[in-house]
Ligand code: ZN
């Protein structure tokens with residue numbers, strides 16, 4: 001089975017479509033979505049519908065949670081809060097009900113799916129180094145776990161000690177656990193504007209993080225046309 005695993009779409013339809021098109025050229029059989037389908041960019045409804053049409057496992061992201069709950073937005077940055085208010089107005093009751101049924105963690109065969117981390121998924125903790133990864137590994141019972149949330153691809157490995165690898169294509173060794181951030185399909189923050197996602201082959205035992213170009217001009221135009229903050233369009237260009 002070859003899985004395309006993507007995260008942090010953030011209502012960037014062109015980013016998501018580019019990922020799905022690239023996956024189509026890579027012999028992918030199945031998909032998995034690691035949450036934050038909405039927030040920041042201008043196509044929340046279309047992105048939710050695309051993901052639902054894939055009929056794939058989905059876990060909840062913090063922006064998804066914020067979008068369907070009506071509590072105050074004071075915990076978010078002003079930029080995220082402005083976008084969230086706009087996003088809340090786009091989502092209808094049916095989509096809200098669908099999100100309400102999406103879980104925080106899922107186990108699918110040999111892999112675990114989570115948006116943030118396994119040690120406290122409901123607190124949306126960020127895994128940014130091997131010490132954070134170590135805490136998550138304590139709750140990981142499958143050989144591989146995929147996550148997102150930081151919008152920066154990363155590969156952590158636990159063989160005795162926990163290390164972060166620099167390579168973005170790995171051969172999975174048996175008896176070793178992997179905690180892999182697939183990067184962001186809709187708002188990358190590692191300085192590379194291209195959409196990011198991972199392909200996991202559970203027979204060849206490989207994971208590859210791929211980057212794909214998308215129609216960023218169109219995404220930026222939609223953001224401005226929607227009246228969303230201009231900074232959200234600009235940051236896509238710089239990949240920050
Ligand atoms: Zn996100």
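Things to note:
- Set side by side, the residues 11, 42 differ, and just one is in a loop (DSSP other than H, G, I, E, B), away from the ligand (no atom under 12 Å from the Cβ) and within 21 Å of residue 82 (Cβ to Cβ), which is 42.
- Only residues that are buried (at least 17 other Cβ atoms within 10 Å of the Cβ) and closer than 30 Å to residue 228 by Cβ were counted across the range 99-123, and they come to 9.
- When each of 106, 97, 130 is tested for being at negative phi, within 18 Å of the chain's Cα centre (by Cα), away from the ligand (no atom under 16 Å from the Cβ) and at pLDDT 95 or above, the lone residue that passes is 106.
- Total residues in the range 19-30, condition at pLDDT 95 or above and assigned to a loop (DSSP other than H, G, I, E, B): 4
- Selection status of residue 23, more than 15 Å from the ligand (Cβ to nearest atom) and crowded, with 21+ Cβ neighbours inside 10 Å: yes
- Per the conditions (1) surrounded by 14 or more Cβ atoms within 10 Å (Cβ to Cβ); (2) closer than 20 Å to residue 26 by Cβ; (3) within 20 Å of the chain's Cα centre (by Cα), the sole criterion not satisfied by residue 205 is (3).
- One residue from 149, 115 being touching a strand residue (DSSP E or B) at 6+ places or on another chain (Cβ under 7 Å), within 13 Å of the ligand (Cβ to nearest atom) and more than 23 Å from residue 206 (Cβ to Cβ): 115
- Of all residues in the range 45-78, those satisfying the criterion of being within 15 Å of the ligand (Cβ to nearest atom) and surrounded by fewer than 16 Cβ atoms within 10 Å (Cβ to Cβ) are 75, 77.
- Qualifying residue in the range 133-144 (condition: within 16 Å of the ligand (Cβ to nearest atom) and either assigned to a strand (DSSP E or B) or more than 22 Å from residue 195 (Cα to Cα) (or both)): no
- Test result for residue 185, within 16 Å of the ligand (Cβ to nearest atom), crowded, with 19+ Cβ neighbours inside 10 Å and part of a strand (DSSP E or B): no
- Of everything in the range 140-160 that is farther than 20 Å from residue 32 by Cα and at pLDDT 95 or above, the residue that is surrounded by the most Cβ atoms within 10 Å (Cβ to Cβ) is 157.
- The sole residue among 172, 91 that is more than 16 Å from the ligand (Cβ to nearest atom) and crowded, with 19+ Cβ neighbours inside 10 Å is 172.
- Unmet requirement for residue 195, which otherwise passes all of (1) closer than 29 Å to residue 83 by Cβ; (2) more than 16 Å from the ligand (Cβ to nearest atom): (2)
- Meets criteria (modelled with pLDDT of 95 or more and in contact with a strand residue (DSSP E or B) (Cβ under 6 Å, 6 or more places away or on another chain)) for residue 33: yes
The values are calculated or read from the model by the stated rules, or taken from the named source; none is laboratory data. Since we're looking at a predicted model, the values are computed, not measured. Heads up, the Cβs are rebuilt from the backbone with ideal geometry, glycines too, and the neighbour counts pull from every protein chain shown.
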